[in-house]
Every structure is written in C-alpha cells, then in structure tokens.
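A quick write-up on the structure given underneath.
The values are calculated or read from the model by the stated rules, or taken from the named source; none is laboratory data. Note that this is a predicted model, so its numbers are computed, not measured. Heads up, the Cβs are rebuilt from the backbone with ideal geometry, glycines too, and the neighbour counts pull from every protein chain shown. Accessible surface is based on the protein model in full, side chains and every heavy atom, while ligands, DNA and RNA are left aside. Shrake-Rupley method; radii C 1.70, N 1.55, O 1.52, S 1.80 Å.
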Amino acid sequence: MKKLENGKGCKHAISTEGRRVLCVLGMLAIGCSVMYFKNHSNGQNGNFQNYMSSPDSQNQSNALYSNASTALTSKQLQVAHYRQGRAMILDVYLDKDIKHHAGTTFCAKIGRLGPAPTFACMSGDNWPKNVSLKIPWSHNATGEIVESLRKHFHMISWEFHLQHLEITNWEYENLVSVIIMRHPMERLLAGDAWLSKNFGPEANRTAAQWWEIANSEHTNNYALRALSPYDCCSGEHTEAKHVEGAKALLERLTFVLDLTCLDESMQALADTLGLPYDNTTRNKLHRHHKLTPRQRLGNDTLYEYLVRRNRRDIELYEWAQSRALVRCPPPTVSPTHAPVTPTMTTATRHSVVTDAAATEHITDSFTSSTSMPETTSTTSESSSAVGTSKE
C-alpha cells in the first residue's frame, strides 16, 4: 500500500479507493432504504390494512403528523388529516341503479355526526352555490372542490351510475373515501322499485318472470359495471380485465366496508376517525334475509345460472371483503342458524404506534385489522357453482 507521508497521498487515496468504497456503501444504503420502504408499505397503498386502531384524542394524530408526515402513506395521511379537522369524508354510494348499498344508513349514522348536506348527504338547501354538483371530479379539480366543501361539511355522498370514477384524485390528502360492498347474490334479490314495478312482490313471481329478471341488466354484474373503467359486462363471459380494473379503483379508496356487518364496520370507522359513534341503536334497514338466495329462488338451475352470470361480480366482492376494514362473516344463509352476534378481535400485523415518540416506526403503524367469526355463507355456494373456470 502506498505510504502516506506528511499528509501527501491522502487526497489521492480518498479520491480513488476511498471514493470507490463510499460509492459502494452509498449504493448499498440506497438499496436497503428502497427495500425497507417497499416492505413496510407493501399493501398499504393498495391493500389498506394499516388503520389507526387507537381512538385516542386528536393530539396524538397531530404529534404523529408534525413529527413524521413524510413517512405516512397517502391513506394514513388522509386519516390523520381528518382527525385534525382538515379532511372530508366522501361516501361513494353505489345506489343509482345498484340498490341497497347502505347509503341512506351511512348518511344517517356517520354523516349526521357532523355537518353534511341536508338531502341524503348528497345535496340540499345548504349546498354551497359556488360548488357544482357534477360528479365525478377530475383529478386536477379534486383538491379545490374538497377544500371548498370542507368549509361546510365533514362528509358528503355520491350517488353514481357508470361514471368513470378512476379520474378522481383519490389520493388527495384531505379526502377520506369510503365504499360499501355487498354480495351480488344478496343485492340482486334485494327489493327495489324497479323489480316491484315490473315483476310484483317476490312471493308472487312466476318462473317466467324470474328468468326474465335473470337475463336483465339488473342481474348483469352490476357493481362491476359501475366500478370497471371499461364498458362492461357480458354475463358469465365478462372478461377478467374488468375485475382487475375495479380492484385498481378500490385499492385507491381509503376504506372498504362490508355490508354483511355494517354496524360493526361503521363503529370501527368511527373509532378510526375519532368520531363519537352511537352504537346503542342498530341498523334496521339492511337485515339479512333468513333464507339463502338459493332457497329464495327455489330453483337450483336458476340459482346456478345467476351465479355463473355474476361470477366476476362475485369475484370482485370476495376480493373486496378480504380487504374490508372489518372482516365480516360471510352473509348468514341458513334459517336454522341462530342470529350471529359478531365479536371483534384485533390482529396486529406490525408494531402499532401508541406513543408520539415512536414516530420512527410510522410506516409500521395503524396496523390493526378487525376480523369477525365465520358462519355458513353464500360464498361457499357460489364457489361450488362457479368452479375454477378461467379466461
């Protein structure tokens, strides 16, 4: 090795061998950092299971944000900002034609906890005159509209039908988005004005009427039609790209709720956002039918046809159910089973930040996901009927 005398050669050593070592070390550090954030954010931007589980005061949220805001994922930042009073809730309400996704109940139970539009949380006489009711918002307009509406409301709802929701900036830091999903076989049998007007009460429908319903657009992958970014759908021949497109949209929303256990889901959402939720009254609008869809139809051939026809919609629901804020049991299907009282358990996947001093672990925080006990489900029925067919 070259001898260093009187400081001579030191500069040369650093500029060649030393710089080479420093370069290697720098590259290793960058690589480790990338792998760390990739591993710790895996699933958080898309599969958001890292929720704030503690219903502590707003002070904790302020401390977390002020000390480590750059480490928060977009969804964590949205939650933190809502707890600070800076963000607004938007309920993406699949109910223009896709009936019975609990928009009215959600408005009554969550929307009315603070200022909201007077008509179904969507519009009304208190809607600001300078803000358009046109939806969906474009990506560039999202921030400005949210900031204008947040001065008036803590929550609003959208009732939409086949709009391209992917154009909205769902990652905007002051927008907390919520969508409620429902099993397609339960939804298509839920009574609504269109069914009653055209086919009368469920108990009085003839076999011919049921088959007419089964071949209508009402039973053609309806939620998937609304959420896919493409023109959809073609019954059992619907392409897989529609499911993937809908998944990509749902992954961008802050929260997915499952209507199967709506009360528990709204309670968990309120706790996460620091809202004073009233759990003394139960949801009465969305009780599950005592009979299974197969039993209600009374025709195995018709039931299996509908499952095949809506197989992509069912696939999307089952995927969304696995990512819901509360892991519900599948819809109760047997009249012989006693009503299930859900019990909430917390499964922590990473360390949960409980002290503002632990902000260096912020990317591992907000990680409790809530699960419910399983019961017999329509999902098991649909799985056997659908089989393992692929594109």
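Selection of region 192-221 for residues being farther than 23 Å from residue 311 by Cα and either of a type in the set (Val, Ile, Thr) or touching a helix residue (DSSP H, G or I) at 6+ places or on another chain (Cβ under 6 Å) (or both) yields 199, 205, 206. Tallying residues that are surrounded by fewer than 18 Cβ atoms within 10 Å (Cβ to Cβ) and either closer than 22 Å to residue 171 by Cα or touching a Cys at 6+ places or on another chain (Cβ under 7 Å) (or both) within region 121-135 yields 5. Considering each residue of region 197-255, count those that are touching an Asp or Glu at 6+ places or on another chain (Cβ under 9 Å), without any contact (Cβ under 8 Å) to a residue 24 or more places away in the chain and under 28 Å from residue 299 (Cα atoms), and give that number. Matching residues across region 197-255 total 4. Report, by residue number, each residue of region 144-176 that is open to solvent by less than 20 Å² (accessible area, probe 1.4 Å) and over 20 Å from the mean Cα position of the chain (by Cα). Of everything in region 144-176, those that are open to solvent by less than 20 Å² (accessible area, probe 1.4 Å) and over 20 Å from the mean Cα position of the chain (by Cα) turn out to be 149, 153. Among the residues of region 228-267, those identified as open to solvent by 10 Å² or more (accessible area, probe 1.4 Å) and either touching a strand residue (DSSP E or B) at 6+ places or on another chain (Cβ under 6 Å) or not in a helix (DSSP H, G or I) (or both) are 229, 230, 231, 232, 233, 234, 239, 256, 264.
Looking at (1) open to solvent by less than 30 Å² (accessible area, probe 1.4 Å); (2) on the phi > 0 side of the Ramachandran plot, find the lone condition where residue 274 falls short. Failed condition: (1).
Among the residues of region 299-339, those that are open to solvent by 60 Å² or more (accessible area, probe 1.4 Å) and at pLDDT below 90 comprise 335, 336, 337, 338, 339. Do we have residue 295 as open to solvent by 30 Å² or more (accessible area, probe 1.4 Å), of a type in the set (S, T, N, Q), in a helix (DSSP H, G or I) and without any contact (Cβ under 8 Å) to a residue 24 or more places away in the chain here? It is false that residue 295 is open to solvent by 30 Å² or more (accessible area, probe 1.4 Å), of a type in the set (S, T, N, Q), in a helix (DSSP H, G or I) and without any contact (Cβ under 8 Å) to a residue 24 or more places away in the chain.
Taking the condition open to solvent by less than 10 Å² (accessible area, probe 1.4 Å), under 27 Å from the mean Cα position of the chain (by Cα) and more than 30 Å from residue 72 (Cβ to Cβ), does residue 117 pass?
On the way: open to solvent by less than 10 Å² (accessible area, probe 1.4 Å): yes; under 27 Å from the mean Cα position of the chain (by Cα): yes; more than 30 Å from residue 72 (Cβ to Cβ): no.
Spelling it out, it is not the case that residue 117 is open to solvent by less than 10 Å² (accessible area, probe 1.4 Å), under 27 Å from the mean Cα position of the chain (by Cα) and more than 30 Å from residue 72 (Cβ to Cβ).
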